[in-house]
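Have a look at the structure below before the remarks.
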Amino acid sequence: MGKKLVFVTNNSWKSRRQYAEKFRSLGISVSQDEIFSSSFAAAMYLKVNNFPSQNKVYVIGGEGILEELQVAGFTAFGGPGDVNKTVDLKQIGFFEHDKSVGAVVVGIDPNINYYKLQYGTLCIRENPGCLFIATNRDAVGHMTAFQEWPGAGCMVAAVCASTQKEPVVVGKPSTFMMDFLLKKFNVSCSKMCMVGDRLDTDILFGQNAGCKTLLVLSGVTTESALQDPSNNIQPDYYASKISDMLDLSGT
């Protein structure tokens, strides 16, 4: 079709490298530079805001966040490394945490536990100036083929409650990722179309940036949900599936 394609995902579980490998396993040639995940967005947020190199980052989330932070040159820990750590409230006297942590990044974490929540909470509440960054606030996600599961928004909400603070959100529908994309590819929003299957992230992401939007009904959003009178997010266009674009273009 002669168009530049960029893949944007709120799923922070994988890094850009891991997503590129997944594309290759499906027979699709996509480079890391064409993939923008919320895990990468979290690392780039710290980078563009000159996060001090001597400070550490604690992660409540997956390997994707850790990898992107490390590739960007930051010292990060937590995530999968804290999966099996437990807290015995009858035995513990005082819960220690690293005072050099300057940011806590929270993303999707199927292995979230009380230890991780307490560690992240203490860093945000007690370390002066510690940033609270959320990869996204999706309430649910299709983690398996037939069911929705709690999304990153559930983990973020837990930390919001314990810290009484709101995070900086770097994934869709936040404009941070779009601003980064526009600068990287030097393209105008007027020449872009955001294609996605979710109203409150994909379509709102495009609308917040001022570009055209196309909703595909092959994923999260159904046609009945789109046309429900209570829905106030309307795409410019919608189609049953993404391949309908090829039919429209005549290819």
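The values are calculated or read from the model by the stated rules, or taken from the named source; none is laboratory data. Since this is a predicted model, take the numbers as computed values, not measurements. In this analysis, Cβ positions are derived from the backbone assuming ideal geometry, glycine residues included, and neighbour counts consider all displayed protein chains. Heads up: the accessible areas ignore ligands, DNA and RNA and are worked out on the full protein's heavy atoms, side chains in. Shrake-Rupley method; radii C 1.70, N 1.55, O 1.52, S 1.80 Å.
At-a-glance table
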{"read-out": "Residues within the range 108-142 that are among the aliphatic types (A, V, I, L, M) and open to solvent by less than 10 Å² (accessible area, probe 1.4 Å), tallied", "value": "3"}
{"read-out": "Pairs where the first residue, in the range 179-206, is on the phi < 0 side of the Ramachandran plot and the second is open to solvent by 50 Å² or more (accessible area, probe 1.4 Å), C-beta under 6 Å, 6+ apart", "value": "Cys189/Gly210; Cys193/Lys212"}
{"read-out": "Residue within the range 232-243 that is of a type in the set (Ser, Thr, Tyr), more than 30 Å from Ile60 (Cα to Cα) and open to solvent by less than 80 Å² (accessible area, probe 1.4 Å) present", "value": "yes"}
{"read-out": "Subset of the range 177-194 [open to solvent by 50 Å² or more (accessible area, probe 1.4 Å) and not in a helix (DSSP H, G or I)]", "value": "Asn186, Val187, Ser188, Cys193"}
{"read-out": "Tally, over the range 10-52, of residues that are free of Cβ contacts under 8 Å to residues at least 40 places away in the same chain, outside any helix (DSSP H, G or I) and buried (at least 23 other Cβ atoms within 10 Å of the Cβ)", "value": "1"}
{"read-out": "Qualifying residue in the range 85-106 (condition: open to solvent by less than 10 Å² (accessible area, probe 1.4 Å) and closer than 25 Å to Ser188 by Cα)", "value": "no"}
{"read-out": "Contacts under 7 angstrom Cβ, first residue in the range 53-64 being in a strand (DSSP E or B), partner charged (D, E, K, R), 6 or more apart", "value": "Lys56/Asp98; Ile60/Asp109; Ile60/Lys116"}
{"read-out": "Test: Ser224 is under 30 Å from Glu126 (Cα atoms), outside any loop (DSSP other than H, G, I, E, B) and open to solvent by 40 Å² or more (accessible area, probe 1.4 Å)", "value": "no"}
